[in-house]
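In what follows, a single structure is set out as structure tokens and then discussed.
Every number here is computed from the coordinates shown, using simple stated rules; none is lab data. None of these values were measured; they are calculated from a predicted model. In this analysis, Cβ positions are derived from the backbone assuming ideal geometry, glycine residues included, and neighbour counts consider all displayed protein chains.
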Amino acid sequence: MTSIQSPVDESNRAENSADGKLTVEGSTYDLPIYKSSIGPAVVDISRMYAQSDMFTYDPGFTSTASCESKITYIDGGNGILLYRGYPIDQLAENGNFLESCYLLLYGDLPNKDQFSDFENRITRHTMLHEQMHSFYKGFRRDAHPMAIMVGVVGALSAFYHDSTDINDPVQRDVASLRMIAKMPTIAAMAYKYAIGQPFVPPQNSLDYSANFLNMCFSVPAEEYKRDPVLARAMDRIFILHADHEQNASTSTVRLAGSSGANPFACIAAGIACLWGPSHGGANEAALSMLEEIGSVEHIPEYIKRAKDKSDPFRLMGFGHRVYKNYDPRATVMQKTCHEVLDALGARDEPLLQVAMELERIAREDEYFIEKKLYPNIDFYSGITLRALGFPAEMFTVLFAVARTVGWIAQWKEMIEDPHQRIGRPRQLYTGPTQRDYIPENQR
Ligand code: CMC
């Protein structure tokens with residue numbers, strides 16, 4: 001098995017660094033600049049505070065690299081996404097999800113033996129501890145499945161004590177495989193619990209995505225008809241969501257992990273962050289928006305609202321913090337959407353007509369062109385997932401299933417980084433200066 005390199009290679013860094021200078025209020029500071037293999041270089045400001053007694057300020061991290069990484073690269077201006085150097089469209093077109101998992105975790109595409117060994121190891125971990133079944137029963141039936149995911153994934157650390165020692169590379173690897181393997185089982189059980197159907201155990205003869213669909217949609221009363229086109233679409237959706245460098249949930253996982261927290265707790269933190277509508281919740285929001293628009297003649301009204309500063313409405317599934325061009329995942333997602341609807345004989349799905357017309361109008365509109373707002377992955381994923389049979393509450397759960405490998409690969413990289421320290425941002429304090437306590441009867 002390929003071993004992951006330490007993210008910080010000292011000789012490489014020395015070779016690829018340059019001296020920078022920053023002058024602030026008349027004082028000049030020497031700040032090293034590190035060149036990247038592709039993309040922007042970084043200015044190392046880690047000694048800035050010691051030298052200048054000043055912090056840097058960058059809310060939302062728009063200009064701050066929080067770590068060094070060799071996993072995923074995004075060029076937002078040109079709409080490029082690479083996993084370990086491989087373009088996302090090539091991986092989605094030619095590979096499968098478990099192969100991308102191996103690539104993200106270990107750095108290279110597996111050969112035949114490596115893949116079969118990896119698949120075998122993942123397959124051996126798909127079942128969930130039997131006692132965890134009772135854990136589900138503590139949730140209300142109408143609980144949001146993301147709330148269940150946060151709880152159940154956090155609880156894994158209470159069940160798998162033999163893989164929580166973060167200082168043991170073998171335990172780190174076992175925890176990683178366990179999480180990739182168990183996440184579909186946990187997600188399918190959250191779904192089955194919500195709809196009051198019995199849990200369906202994993203079937204190791206099926207591939208990763210076919211097994212997931214089977215756990216979600218088969219029932220003991222009748223045979224479930226598996227459709228390879230739908231399983232392939234699910235697999236592709238998983239590939240598209242597998243990693244996205246230092247996004248909010250991944251940064252959350254890294255930050256949680258920087259304190260030495262166990263990997264299950266860190267992934268639970270990532271799931272909690274992903275739930276927000278600006279991140280993983282956007283596909284659910286995009287589908288609701290398309291349903292609300294309802295038909296193509298209502299589109300101009302919603303375009304007008306999206307442009308109106310006094311209206312909080314935004315076109316969900318449009319715009320991205322990093323992509324200022326077409327999201328490369330959206331291209332594959334749009335194609336997958338058409339394939340799924342064709343396979344299901346639902347080519348005339350009215351929401352698809354609304355989505356395509358909305359995209360066409362927005363892409364010709366000066367407001368969206370000027371602000372570089374293009375459809376993102378979530379624009380077509382809601383329609384596709386609904387066609388696959390999932391209710392909207394499950395959309396973010398599916399994102400979490402796929403993103404687990406990215407989170408865990410980034411977490412491992414952080415733990416293996418010799419320069420890793422607890423993440424502890426500073427602040428620009430603008431609150432009251434020191435004042436004395438006032439007794440209650442004098443306030
Ligand atoms: N509809 C209308 N206007 C928009 C939209 C939109 N979807 N997105 C951004 N804008 C405008 C925004 O009003 C602002 O205008 P101005 O400069 O005049 O104030 C400008 O574009 C820049 O927006 P921003 O909010 O400063 O940009 P950001 O980088 O902070 O936000 C975003 C990125 C994804 C949160 C935002 O585009 C958005 O809210 N989009 C809708 C939600 C969505 O689809 N999210 C999924 C992201 S992809 C999934 C993932 O990778 O997690």
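General observations
- Volume of the convex hull of region 316-443 (Cα atoms only), normalised per residue: 266 Å³.
- C-alpha center-to-center spacing [region 129-152, region 199-214] in angstrom: 20
- Signed unit charges on C-beta, dipole axis of the chain, positive-most listed residue LEU213, TRP411, PRO439: PRO439
- Calculated diffusion of region 142-196, Stokes-Einstein form, Kirkwood radius summed over Cα pairs, 20 °C and 1.002 mPa s, µm²/s: 178
- Measuring r between the beta carbons of GLN90 and TYR49 and using R0 = 51 Å, the FRET efficiency lands at 0.75.
- Cα pair distances exceeding 44 angstrom across the chain, given as percent: 16
- Stokes-Einstein D (µm²/s) once Rh is taken as the Kirkwood radius of region 1-160 over alpha-carbon pairs, at 37 °C in 0.692 mPa s: 161
- Loop-located chymotrypsin sites (Phe, Trp or Tyr not before Pro) in region 383-429 (DSSP state other than H, G, I, E, B) with a sparse environment of at most 10 neighbouring Cβ atoms within 10 Å: TYR429.
- DSSP H segments from the chain that extend 24 Å or more along their own axis, Cα-based, with Kyte-Doolittle mean of -1.0 or above: 169-195, 395-415
- Chymotrypsin sites (Phe, Trp or Tyr not before Pro) lying in DSSP loop within region 36-143, provided at most 13 other Cβ fall within 10 Å: TYR57
- As a ratio to 2.2 N^0.38 Å, the alpha-carbon radius of gyration computed for region 153-234 takes the value 1.28.
- Normalised by 2.2 N^0.38 Å, where N is the number of residues, the C-alpha radius of gyration of region 259-390 stands at 1.14.
- Integer Hz, Karplus 6.51/-1.76/1.60 couplings in order for region 312-327, x for Gly and Pro: x, 4, 10, 6, 6, x, 10, x, 7, 4, 9, 6, 10, 7, 4, 4
- Helical content of the chain, expressed as a calculated mean residue ellipticity at 222 nm, amounts to -15500 deg cm²/dmol (DSSP H runs of 4 or more residues, -39,500 (n - 2.57) each, divided by residue number, nearest 500).
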